[in-house]
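K.L.:
Encoded as structure tokens, here's the structure I'll be asking about.
Read-outs throughout are calculated quantities, based only on the coordinates presented, and are distinct from any laboratory measurement. What you see is a predicted model, and the numbers here were worked out from it, not measured in a lab. Positions of Cβ are generated from backbone atoms using ideal geometry, with glycine treated the same way; all protein chains shown enter the neighbour counts.
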Amino acid sequence: MPTDCISYQKSGYFTKLMIDYLDKKPELNALYNRFPSIENFEGQIKEKETNFPLENRSTLVTALTKQYQAFEISEATKGNIALLKDAKTFTITTGHQLNLFTGPLYFLYKIVSTINLCRELKQTYPLYNFVPIYWMATEDHDFEEINYFNFKHVKIKWNKESFGPVGRLATDGLDKVLTAFALELGVGDNATYLKNLFEKAYLQHNNLADATRYLANELFGNKGLVILDGDDAALKQLFVPYAKEELVNQTSFNKVTETNASLADYTIQVNPREINLFYIEDNLRERILWENNQYKINNTTLVFSQDEMLAMLEKSPEKFSPNVILRPLYEEVILPNLCYIGGGGEIAYWLQLKSNFEAHNVTFPILLVRNSVVLATAKQAQKADKLQLSWADLFSNQQELFNHKTQEFSQFNLDFSAQKEALRKQFAALNDIATQTDNSFTGAVKAQEVKQLKGLENLEKRLLKAEKKVHADKLDRIIQLQNELFPHQGLQERRANFAEFYVDYGNELLEKLSETLDPLEPTFTIITL
């Protein structure tokens, strides 16, 4: 396999905002607390240590113990939950939607990044404890984003209607999904394991939150992963003062709007609402609106006075759900968290939020872009070596790769730039003569220049086309390999499901990820299976 690596900045898959963040451009300094380096965690630990109430730890541990009550958990996870009572224990957190059967591959990369960073921090700061947290996005209601996964070339989909928070969604109908999945899996020990894993997760649990907890716990429980459901009345009680501030003063709207104005040179990831809270019930998650001096629940007939709304917040905080603007604040209020690990899009919207954290006197976490991976088989690695492909080649635009390799294989120089420049110089001399004669001659010279340059360009294209035919077999093999590693000319990690590789490689997949991924190294990791 090619031995070079490619940085996130040069991969072509990150936005300008992410590239500038990774390059530590000074104009972004005000948007984050500390840049993710092992040394910077020392200051982050000290700040969070003095800015996280001890009583919140007790509430957190009680809530987690209750959430895990019906689950068998490893000693590592059990120990990590108990450690959270200790003032010297901190968390590293990643969040993810409740995608069916984990969804795209990067679900694994997020969690392994989180676990590995905890391990590295423990080695550097042995007096402290570090617990990996997977925050389940149980309150999301975008069911269409999570109700399927891709297995090889087949889309495995759960056909069901959903209107409320997806974590509360009943798992009925997933027996049909398992039947469809089993047909694609085939036979073998790994196929049997995957079938059983799906069955135990989704057919033996009543709601999507419990099913996802079981699945993530089976895959990563032995590494001490702690899985947290924020849709919890006791945890929401800790957030009541911040939710009240949101309802009464709309602080987050004002602060994030100010930050967004400073990001005029970038694509804004999220825009705040005047109130960044939803009202939720089992089959309902709708925005809370402030209209005509009263609160209305969007798309319903529910209306509350301010006194009624604030009284309900105190009595039933579980009815209030933070949106994308406030969910990070909620997370940092209830967790002794040092760092949030997410994809480029997630980190981009976190960069919009620091001023809101400051307004609420909540420590803003270190923001770390998760590991990204390309998985390759040994056969694909051999092909890449034989075709003399670098990772810069494989990450490049397909048409550009096609043209570049054609020129590389050709015995001719397919770039006519030198000839075009020589032609331009000849016509520049002719134009000097023309300007001293009749205007009609000047026009004739210019027209002839355009015509001959166009002729050279056509010859250049025809020669390139001819050389593509000569080297068609080799070029086809290159494009085929790139399509295998970058399906639909996009990132493998955003399309393929882990089962596609687990069925062939079993637990070797998870172990290689655990052994290889360095969360503080901002380059694509290439793993050969």
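K.L.:
Using a cut-off of 19 Å between alpha-carbon atoms, which lysines can reach Lys296, once sequence neighbours fewer than 8 places away in the same chain are excluded?
P.N.:
Lys244, Lys315, Lys319
K.L.:
I've got another one for you. Hey, what angle do you get for helix 106-124 against the long axis of the chain, alpha-carbon based, 0 to 90 degrees rounded to 10?
P.N.:
Orientation of helix 106-124: about 70 degrees from the principal axis.
K.L.:
While we're here: Neighbouring Cβ atoms within 10 Å as the yardstick, rank Cys5, Cys118 fewest first.
P.N.:
Cys5, Cys118
K.L.:
Which angle from 0 to 90°, rounded to the nearest 10, does the C-alpha axis of helix 439-470 make with the longest principal axis of the chain?
P.N.:
Computed tilt is about 70 degrees.
K.L.:
Let me check the size of the chain from its C-alpha atoms; what are the radius of gyration and Dmax in Å?
P.N.:
Cα only, the chain: 28.1, 95 Å (Rg, Dmax).
K.L.:
Multiply the residue separation of Ser316 and Lys85 by 0.36 nm, subtract the distance between their alpha-carbon atoms, and state the gained length in nm to one decimal. Before the final figure, lay out each step's value.
P.N.:
Working: separation 231, 0.36 × 231 = 83.16 nm, distance 2.55 nm.
Length difference between fully extended and current span is 80.6 nm.
K.L.:
Taking the chain as the reference, fit the longest principal axis to its C-alpha atoms, fit the long axis of helix 306-315 to the helix C-alpha atoms, and give the angle between the two in degrees, 0 to 90, nearest 10.
P.N.:
The angle comes out at about 70 degrees.
K.L.:
Another one. Summing -39500 (n - 2.57) over the DSSP H runs of n ≥ 4 in the chain and dividing by its residue number, what mean residue ellipticity at 222 nm do you reach, to the nearest 500 deg cm²/dmol?
P.N.:
About -15000 deg cm²/dmol.
K.L.:
On to the next question. Using C-alpha positions alone, give me the convex hull volume of the stretch 60-204 per residue in cubic angstrom.
P.N.:
Measuring per residue, one finds 134 Å³ for the Cα hull of the stretch 60-204.
K.L.:
What list do you get for Met312, Met136 if you sort them by fewest beta carbons within 10 Å?
P.N.:
Details: Met312 15, Met136 23.
In order of increasing Cβ crowding within 10 Å: Met312, Met136.
K.L.:
If you take the beta carbon distance between Asp265 and Trp290 as r and set R0 to 45 Å, what does 1/(1 + (r/R0)^6) give as a FRET efficiency, to the nearest 0.05? List each step's numbers first, then the result.
P.N.:
On the way: r = 32 Å, r/R0 = 0.71.
E between Asp265 and Trp290, to the nearest 0.05, is 0.90.
K.L.:
Sort Tyr295, Tyr13 so that the residue with the fewest other Cβ atoms within 10 Å of its own Cβ comes first and the one with the most comes last.
P.N.:
Result, fewest neighbours first: Tyr13, Tyr295.
K.L.:
How much of the DSSP beta bridge set in the chain is antiparallel, as a percent to the nearest 5?
P.N.:
Working: 19 of 44 bridges.
The antiparallel fraction comes to roughly 45 percent.
K.L.:
Multiply the residue gap between Lys176 and Thr257 by 0.36 nm, knock off their C-alpha separation, and tell me the result in nm, one decimal place.
P.N.:
24.6 nm
K.L.:
Over the stretch 228-305, what per residue volume does the convex hull of the Cα atoms give, in whole Å³?
P.N.:
Dividing the Cα hull volume of the stretch 228-305 by its residues yields 144 Å³.
K.L.:
Of the cross-linked pairs Lys10/Lys405; Lys110/Lys383; Lys48/Lys354; Lys110/Lys200; Lys110/Lys512, which ones have a Cα-Cα span greater than 21 Å in the structure shown?
P.N.:
Lys110/Lys383; Lys110/Lys200
K.L.:
Rounded to the nearest Å, what's the spacing between the alpha carbon centres of the stretch 132-176 and the stretch 475-500? Just the number, please.
P.N.:
Each part reduced to its Cα centre gives a spacing of 24 Å.
K.L.:
So if we plug the beta-carbon distance of Thr442 and Gln407 into 1/(1 + (r/R0)^6) with R0 = 35 Å, what FRET efficiency do we get, rounded to 0.05?
P.N.:
Efficiency for this residue pair is about 0.45.
K.L.:
Relative contact order of the chain: what whole-number percent is it, with Cα pairs under 8 angstrom and at least 6 residues apart?
P.N.:
Numbers: 789 pairs, mean separation 124.0, N = 529.
Relative contact order for the chain comes out at 23 percent.
K.L.:
Here's something else I'd like to know. I want to check the label-to-label distance for Glu55 and Asp476. Put each point 7 Å from Cα in the C-beta direction and report it in nm to one decimal.
P.N.:
Result for the modelled spin labels: 7.3 nm.
K.L.:
Still on this structure, I have one more. Defining a contact as two alpha carbons under 8 Å apart and six or more residues distant in sequence, what relative contact order in percent does the stretch 14-90 show?
P.N.:
Computed value for the stretch 14-90: 28 percent relative contact order.
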